[in-house]
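Note sheet for the following structure.
Quick note: the coordinates plus some simple rules give every number you see, no bench work behind them. Only a predicted model underlies this, so the values are computations on that prediction, with no experimental measurement involved. Cβ placement follows ideal geometry from the backbone for every residue including glycine, while neighbour counts extend to all protein chains displayed.
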Amino acid sequence: MKTLLMILIMSMSTLLMAENKKGKAGDDFRAAGAAYEQKAKVSLDKGNAEASKIYYRLAAIKKNAAKLADEGKWDAISWDEYHELTKKLHKVKGNSKKQHKK
């Protein structure tokens with residue numbers, strides 16, 4: 001009986017420790033937001049203000065998604081603007097590369 005109780009206690013404590021290491025639901029979104037902010041700074045340093053502006057907006061969208069995910073409001077997250085901006089970013093970056101080749 002004592003052995004069974006010890007096994008149960010050890011299992012529960014292991015599960016609780018593992019659960020605490022998971023973090024919050026929005027952690028991946030927060031990390032992506034931070035990465036976009038870094039890209040925004042690099043773009044601005046390279047003189048590409050338009051790309052920088054888009055990256056900052058993408059970061060804000062990801063951070064908002066993190067907040068909503070933390071609250072369990074997954075259905076409230078909309079990716080429409082995000083997808084529009086990523087398309088625009090590809091065009092902006094493509095035009096920037098063409099200008100550098102001239």
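Quick look at the numbers
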quantity	calculated
Odd one out for Gly47 among (1) at negative phi; (2) without any contact (Cβ under 8 Å) to a residue 40 or more places away in the chain; (3) not aromatic (Phe, Trp, Tyr)	(1)
Tally of residues being within 29 Å of Gly23 (Cα to Cα) and outside any helix (DSSP H, G or I) across the range 39-77	4
Any hit, the range 27-38, residues being in contact with a Ser or Thr (Cβ under 7 Å, 6 or more places away or on another chain), assigned to a helix (DSSP H, G or I), surrounded by 15 or more Cβ atoms within 10 Å (Cβ to Cβ) and of a type in the set (A, V, I, L, M)	no
